[in-house]
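**Q** There's a structure below that I have some questions on.
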Amino acid sequence: MIHSLKKITAPAVIFVSFLLPALAYAQDSFSFMETSKQDDPAPFSHKAFFKYEFNKRLKYKFTYDNKTADHGTNNEVSDIIEYYINETDLSVLYFNNSRNGVIYNLSKKTNPVLPVSIRDESKEIKPGNFDYFTGDIALESEIAEIRKRKKVKADQILELVEKKAENNLIHYKYNLIRNNKGKTNLGIIELDITNSDQDFNNNILYAMEPLFFKNKIMFDKGEIKNYSHYSSAKKRTKHYESMNNDSVLLRLSFTKGCCVSSLE
């Protein structure tokens, strides 16, 4: 990351072409992906504002309640979600087989959540073709504010009511409560995390459920095997189930984008 700018306070849509050399902005974004490291990887673009490298991929089956508004019926629908991980700094690229993705790294002060997209309509939908970034300054400010707080201050509170080890997993059960005078019960969230020594990636948990970060709940070790969200009526509304993981090499260089507080 090669540039640094002061925080943008102008209107919400300000393109970096106004702030940075035109040649740098016009340069095509560059990406590279392979499933092994047998060949020498292609280099990053030297004109990139942001550079990312991911070396592991986790796949989850995501099942959610798709309520049909016209008929008032509930139907469960499933998608495959892929998380590309840098095992050194734990950055995560969220990919759901669409032209829009998100790169998460909550340890960063600037751009901890960076939405990315495939702007070039001629490119097929795959993670190596992300070519444009769109910063979320409001979310960055919110994350910074949460970090500074010594106590949890959230509209919805997660209350741990059960923790038990079973079959090489640690099971967590949380009551989801609206933080008001009546402490309204909103549902239940359950997590199964492997009982292992590998570093836990809280960026994936944030992508699945931001309430954990807002409630200052983080984990040290293991990997998410199952995540379930139940309504107050005990109906499952969201579920992530771990499928598999493999080694990859995915490199992204972004030379086009807008609306970030700083470029590093």
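Throughout, read-outs are computed from the coordinates displayed, never taken from laboratory work. Predicted model only: the values in this text are computed from it and were never measured. Note that we place each Cβ from the backbone using ideal geometry, even for glycine, and neighbour counts take in every protein chain shown.
**Q** Using a basic spin-label model with each label point 7 Å from the Cα along Cα→Cβ, how many nm lie between residue 79 and residue 198?
**A** A separation of 2.4 nm, rounded to one decimal place.
**Q** Suppose the chain between residue 141 and residue 262 were pulled fully straight at 0.36 nm per residue; how much longer would it get relative to their current alpha carbon spacing?
**A** Going from the current span to full extension adds 42.3 nm.
**Q** For the ranges 154-164, 135-145, what's the packing order if you count other beta-carbon atoms within 10 Å of each residue, average per peptide, and put the highest first?
**A** Ranking, from highest mean packing down: 135-145, 154-164.
**Q** Treat the stretch 184-264 as a sphere of radius equal to its Kirkwood radius over Cα pairs and apply Stokes-Einstein at 20 °C in a medium of 1.002 mPa s; give the translational diffusion coefficient in µm²/s, rounded to a whole number.
**A** My calculation gives 138 µm²/s for D.
**Q** So if I restrict to the alpha-carbon atoms in the stretch 133-228, what is the Rg, and what is Dmax, the biggest pairwise distance, in Å?
**A** In Å, with Rg to one decimal and Dmax whole: 14.6, 42.
**Q** Continuing with this model, one more query. Pop the C-beta distance of residue 123 and residue 149 into the FRET formula with R0 = 41 Å and round what comes out to the nearest 0.05.
**A** 0.50
**Q** Continuing with the same structure: Distances over 18 Å make up what percent of all Cα-Cα pairs in the stretch 90-170?
**A** Across the stretch 90-170, Cα pairs with separations above 18 Å total 60 percent.
**Q** Between their Cα atoms, which of 214/238; 181/221; 126/150; 109/235 are more than 30 Å away from each other?
**A** Table pairs above 30 Å Cα-Cα are 181/221; 126/150; 109/235.
**Q** Further question: Principal axes first, then extents: for the Cα atoms of the stretch 146-191, list largest minus smallest coordinate on each axis, whole Å, largest first.
**A** Projected onto the principal axes, the Cα atoms of the stretch 146-191 cover 37, 27, 10 Å.
**Q** Further question on the same structure: Where a Cα-Cα gap under 12 Å defines reach, which aspartates and glutamates qualify for residue 173, not counting those fewer than 8 residues away within the same chain?
**A** 159, 162, 190, 192
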